[in-house]
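Some notes on the structure that comes next.
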Ligand code: HEC
């Protein structure tokens, strides 16, 4: 008996499909000797495809009418949120000055926390008890950058980049820097500023303003001074404080 063999190209004996293998009808076309069954995509697949086409149309309409934010809009909104958070973070920083630190002096809880911070990040360079090593000694009254609480806090915050003293302001929280300053005070070298906080800050500013010692070249300008006069320029104090206390600009809601 004859097979139900089907070949649309009677000359080609090689590629022949047998209808008996499946219920599906063999389509009556033939591409270079290749035949195929009528095997449609499943309905769910077809409808998924239709849905994507419908959604593409809907998407164009929604994005053009503003129901879906465009890329630039989401980006601008994201940036605005970042700025808002940054301003909020900056506004929450307190203004740490000599009086503030002096008021906390001796707070056992803060000192204990400061000790933990010191042993974690400072001890490698400044040694136990502030004896000094890679970093300057912190336990005597010889200070390079001023030895008041405010000076120590300030140097801890901004560091001395040229001298391998890291700036900890971005690493430690404000509280941790306050606490480590109070802990350093227990080493015994901290200086109490003579009156108010003006001279201490002025000395600090003077040290910062001094040009780096190069070891050669003529010293000093026309004044002939060495720039270390702690009375110099009381204004710098105000300027510095104003700088730090300046509230961040509010992002206005226009536009
Ligand atoms: C990588 C080493 C290193 C680490 C870590 C380090 N310091 Fe320093 N620190 C230095 C060096 C070096 C100096 C000296 C800077 C100079 O010569 O001007 C210094 C100076 C200081 C001074 C100024 C001393 C003075 O005589 O005026 C203070 C205050 C200070 N460090 C506090 C800290 C605190 C607090 C920590 C931990 C939070 C810390 N340092 C961690 C290297 C370090």
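FYI, it's all coordinate maths here, none of it is from the lab. If you're wondering where the values come from, they're calculated on a predicted model, not measured in any experiment. Every residue, glycine among them, receives a Cβ derived from its backbone with ideal geometry; neighbour counts consider all protein chains shown.
How would you classify region 62-116 from its alpha-carbon gyration tensor, with a ≥ b ≥ c the square roots of the eigenvalues: rounded for a/c under 1.5, else prolate if a/b is greater than b/c, otherwise oblate?
Values: a/c = 7.27, a/b = 3.88, b/c = 1.88.
The shape class here is prolate.
Counting alpha carbon pairs within less than 8 Å and at least 6 residues apart, what relative contact order, in whole percent, applies to region 12-170?
Values: 84 pairs, mean separation 13.6, N = 159.
Once normalised by length, the contact order is 9 percent.
Shape of region 101-199 from its Cα gyration tensor (a ≥ b ≥ c, root eigenvalues): rounded if a/c is under 1.5, otherwise prolate when a/b > b/c, or oblate?
Rounded, since a/c falls under 1.5.
At a Förster distance of 30 Å, what's the computed FRET efficiency of residue 102 paired with residue 81, Cβ-Cβ distance as r, to 0.05?
Details: r = 38 Å, r/R0 = 1.28.
It comes to 0.20.
Give the distance, in whole Å, between the Cα centre of region 114-136 and the Cα centre of region 73-93.
Their Cα centres are 36 Å away from one another.
Which number do you get for Rg(Cα) / (2.2 N^0.38 Å) in region 43-91? The partial results should precede the final answer.
Details: Rg = 18.2 Å, N = 49, 2.2 N^0.38 = 9.7 Å.
Its radius of gyration relative to the 2.2 N^0.38 Å reference: 1.89.
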